[in-house]
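Working notes for the structure below.
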Amino acid sequence: MFNIKFLGTANASGIPVFNCNCNICKEYRKKNKFNHSTCAYIELDNNEIILIDAGRDELSSLFYGKKIKAVFITHFHADHVIGLLKLRYGVDKIKCFHPKDEKGFADLFRHKLAIEYIENTPFEATIIDDISFTPIPLKHSKITTGYLIESKNKTIAYLTDCGGLDESSLNFLLNKDIDECYIDATHTPDNQDKNHLNYEKATNILDKINAKKSFFIHGSHETLNYIKNNNIQLKYSYL
């Protein structure tokens, strides 16, 4: 059985935010904590790594000595691909699966080096070592796909950077028996940003999906500070 492990679950700014003195940022500094932007991985039985997003600049150091079998990118915003800038200089060839994007990020497409970029097709699975990765279109400012990650005995939905789900994406998920669901809940309910969910809208989607375990990801320091200061009780927890 595979497990998904997170290298970060915050939004692009990370927590604590540079020079911010909100209660959440002060609490993180007091505890010497830092939550990086959302990025995850799966370690296979042979110790090889599959990355889900590559938003940590130091990925080449974090996984030194291990083979990165594949990378599944949700979209080409910096906080989800910046680690590729260094990984591409490595010795090992790495397959990077991603949604259609003509520009990508920076010069990644122009100077591919060790990275092989493979455009995915929505709802068509790619199988790596008996684990299936199916791209699910999400509403965002760039073309974005979450991933349904399935093996014989476990199913995970990874839905970061999501302003909502269209009917086809939601119906696809509703037809699955999902063990764990991780969904974008960046904002408070009064935020009008259409590129990310707030925790109330994310709760409504999680209720429909009805996974065995559900969590919020991509949280911002503003939202966590608002929840803390107003003593708000959430149905689902932020990672």
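The values are calculated or read from the model by the stated rules, or taken from the named source; none is laboratory data. Remember, it's a predicted structure, so these values are computed and weren't measured experimentally. Heads up, the Cβs are rebuilt from the backbone with ideal geometry, glycines too, and the neighbour counts pull from every protein chain shown.
Structural remarks
- Residues in region 15-44 that are of a type outside the set (A, V, I, L, M, F, W, C) and under 18 Å from Leu62 (Cα atoms): Lys33, Asn35, His36, Ser37, Thr38, Tyr41, Glu43.
- Residues that are closer than 21 Å to Lys66 by Cβ and touching a Ser or Thr at 6+ places or on another chain (Cβ under 7 Å), drawn from region 89-104: Gly90, Phe97
- Top-ranked residue of region 105-118 - restricted to ones that are out of contact with any helix residue (DSSP H, G or I) (no Cβ under 8 Å at 6 or more places or on another chain) and in a loop (DSSP other than H, G, I, E, B), ranked as surrounded by the fewest Cβ atoms within 10 Å (Cβ to Cβ): Arg110
- Checking Ile183 against (1) within 23 Å of Lys235 (Cα to Cα); (2) loosely packed, with under 14 Cβ neighbours inside 10 Å; (3) β-branched (Val, Ile, Thr), the condition it does not meet: (2)
- Residue in region 133-152 that is in a loop (DSSP other than H, G, I, E, B) and among the aliphatic types (A, V, I, L, M) present: yes
- Set Thr144, Thr155, Thr203: member being at pLDDT 95 or above and either closer than 20 Å to His77 by Cβ or within 15 Å of the chain's Cα centre (by Cα) (or both): Thr144
- Cβ pairs under 7 Å, 6+ apart, first in region 84-101 and in contact (Cβ under 8 Å) with a residue 12 or more places away in the chain and of a type in the set (D, E, K, R), second outside any loop (DSSP other than H, G, I, E, B) and surrounded by fewer than 19 Cβ atoms within 10 Å (Cβ to Cβ): Lys86/Ser60; Lys93/Glu116; Lys95/Glu116; Lys95/Ile118; Lys100/Glu119
Residue-by-condition table, conditions (1) β-branched (Val, Ile, Thr); (2) farther than 27 Å from Lys212 by Cβ:
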| site | (1), (2) |
| --- | --- |
| Asp79 | no, yes |
| Lys86 | no, yes |
| Lys93 | no, yes |
| Lys103 | no, yes |
| Ile115 | yes, yes |
| Ile136 | yes, no |
| Asn153 | no, no |
| Ile156 | yes, no |
| Asp161 | no, no |
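- Each residue in region 221-238 was checked for being surrounded by 16 or more Cβ atoms within 10 Å (Cβ to Cβ) and either aliphatic (A, V, I, L, M) or touching a residue at least 60 places away in the same chain (Cβ under 8 Å) (or both), and 6 pass.
- Matching residues in region 80-95 - criterion: being surrounded by 15 or more Cβ atoms within 10 Å (Cβ to Cβ) and assigned to a loop (DSSP other than H, G, I, E, B): Ile82, Gly83, Arg88, Gly90
- Answer residue from region 149-177, given it is β-branched (Val, Ile, Thr) and over 17 Å from Asn198 (Cα atoms) and is surrounded by the fewest Cβ atoms within 10 Å (Cβ to Cβ) among those: Thr155
- Consider region 29-55 and keep the residues that are farther than 28 Å from Asn19 by Cβ and of a type in the set (D, E, K, R). The one that is surrounded by the fewest Cβ atoms within 10 Å (Cβ to Cβ) is Asp45.
- Residue that is nearest to Tyr182 (Cα to Cα), among those in region 68-124 that are among the aromatic types (Phe, Trp, Tyr) and under 18 Å from the mean Cα position of the chain (by Cα): Phe72
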